[in-house]
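Peer 1: A single structure is presented below for examination.
Computed from the coordinates by the stated procedures, all read-outs in this text should not be read as laboratory data. Predicted, not measured: the structure shown is a model, and the values here were computed from it. In this analysis, Cβ positions are derived from the backbone assuming ideal geometry, glycine residues included, and neighbour counts consider all displayed protein chains.
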Amino acid sequence: MSPIIHHHISSLRAALQPYRGQQSGRQDRQQRIALVPTMGNLHEGHLELVKIAKQHADIVVVSIFVNPTQFGVGEDFDSYPRTLDEDVAKLATVGADYVFAPSVDAMYPVLPPPTTVLAGAISNQLCGQSRPGHFDGVGIVVSKLFNIVQPDVAIFGQKDYQQLAIIKQLVRDLSYPIEIVGAPIIRADDGLALSSRNQYLTESERQVAPILHRELQDLAEQLKDGGISQQAFESLLADKRTRISEAGFTIDYLEVKTEALGSVASDSTTFNIENENIVILVAAWLGRARLLDNQLVVVG
Ligand code: PAF
């Protein structure tokens, strides 16, 4: 069955109200609602988020909104693919119940909104460094979606590792009664992480793109036993940067962080990755596409 589409906040709220068990006054009518926030142009990775949502809730709402506040000047807001009809058809195959596809005016009566949601230090590194203001835009739109849908659970992809960490922080700090579920990265057969922006790749760039994942896997393999000197670690990273650049990428960052995106403790001689898991994160341009990937390393 095709999901029911709502373009307005009030009509979506009215549609969801009966599931909250308040209209009937009967607690046994209460059903769990899941939210899958997206910017549309859905691929298999998004459909996987919906499948996970269905395991956690009775009713699944997918938001489709290309959010202007998270795009910087000169970024691809205008050209970002908008494919609502195709998206709805795909969502019908995985059993989403509702699509929320508001206009920019419906979401932002005033643009840019004077109210801000700032994530602090966690958002000033990695993607936040090259995309200043990006996570402030994500923060406000996700807060709004949480307030509009009031889901019991929301599903976000682990490909956007930093975004997921910021949303967990947002839920904790603003006391949203929402469970956040991180969904594993979905990859093409050759290892490339699925992303709507992969379609910006030319045919020859698409052949090169999986190298990013392969280099991350190789680095993870070399770090997984822990116990590495600072010097050896730095030369490993330098070697990876060279290999990725030589393959044709322009690296935005390639970094190793703790699972919570803190700095890995190190002194002048030792890079201390024995005591906690680490995550390797990369963002790199290949032609018009800015590709993101990451690899969690369970150390020891
Ligand atoms: O990950 C995305 O697609 C977007 O950042 C999100 C979470 C839908 C907010 O616009």
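Peer 1: Taking DSSP loops as anything outside H, G, I, E and B, show the longest stretch in the chain free of GluC sites (Glu not before Pro) there with at most 15 other beta carbons within 10 Å.
Peer 2: Numbers: sites that count: 75, 259, 274.
In short, 76-258.
Peer 1: Could I ask something else about it? Starting with the highest mean, order 164-174, 180-190 by the number of other Cβ atoms within 10 Å, averaged over the residues of each peptide.
Peer 2: Result, highest mean Cβ count within 10 Å first: 164-174, 180-190.
Peer 1: Under 12 Å from the Cα of residue 257, which aspartates and glutamates turn up, not counting those fewer than eight places away in the same chain?
Peer 2: 276
Peer 1: Moving on to the next point. Highest first, please rank the peptides 191-197, 36-42 by the mean number of other Cβ atoms sitting within 10 Å of their residues.
Peer 2: Averaged packing, sorted descending, gives the order 36-42, 191-197.
Peer 1: Could I ask something else about it? Go ahead and run the numbers for FRET between residue 239 and residue 82, Cβ-Cβ distance against an R0 of 51 Å, rounding to 0.05.
Peer 2: With R0 = 51 Å, the Cβ-Cβ based efficiency is 0.80.
Peer 1: Now for a separate question. Can you run phi through the Karplus equation (6.51, -1.76, 1.60; θ = phi - 60°) for the range 64-74 and list ³J(HN,Hα) in whole Hz, with x for Gly and Pro?
Peer 2: Karplus-based 3J(HN,Hα) across the range 64-74 equals 10, 7, 7, 7, x, 6, 9, 9, x, 4, x Hz.
Peer 1: With unit charges on the beta carbon (Lys/Arg positive, Asp/Glu negative), name the residue among 34, 289, 128 whose Cα is farthest towards the positive pole of the charge dipole of the chain.
Peer 2: 34
Peer 1: Let me ask something additional. Can you pull the percent of Cα pairs in the chain with separation above 31 Å?
Peer 2: Here the long-distance tail beyond 31 Å is 33 percent of all Cα pairs in the chain.
Peer 1: Report the full-extension gain for the segment residue 129 to residue 175: residue separation times 0.36 nm, less the Cα-Cα distance, to one decimal in nm.
Peer 2: 13.9 nm is the gain from fully extending residue 129 to residue 175.
Peer 1: At 0.36 nm per residue, minus the direct Cα-Cα distance, what do residue 229 and residue 208 gain on full extension? Give it in nm, one decimal, please.
Peer 2: Residue separation times 0.36 nm, minus the Cα-Cα distance, leaves 4.4 nm.
Peer 1: In nm, what is the difference between 0.36 nm times the number of residues separating residue 275 and residue 246 and their Cα-Cα distance?
Peer 2: Stretched out fully, the residue 275 to residue 246 stretch lengthens by 7.1 nm.
Peer 1: So how do 77, 233 line up by other beta-carbon neighbours within 10 Å, fewest first?
Peer 2: On the way: 77 14, 233 19.
Going from least to most buried by this count: 77, 233.
Peer 1: For n ≥ 4 DSSP H runs only, could you compute -39500 (n - 2.57) per run for the chain, divide by its residues and tell me the 222 nm figure to the nearest 500?
Peer 2: So the calculated ellipticity at 222 nm is -10500 deg cm²/dmol.
Peer 1: Looking at the chain, what % of its DSSP beta bridges pair antiparallel, to the nearest 5?
Peer 2: Looking only at bridges with both residues in the chain, the antiparallel portion is about 50 percent.
Peer 1: Could you list which residues have their amide H under 5 Å from that of residue 4, counting only those 5 or more apart in sequence or on another chain, with H placed in the peptide plane?
Peer 2: Long-range HN contacts for residue 4: 98, 99.
Peer 1: Name the trypsin sites (Lys or Arg not before Pro) in the range 213-300 that are in a loop by DSSP and that have at most 13 other C-beta atoms within 10 Å, would you?
Peer 2: 288
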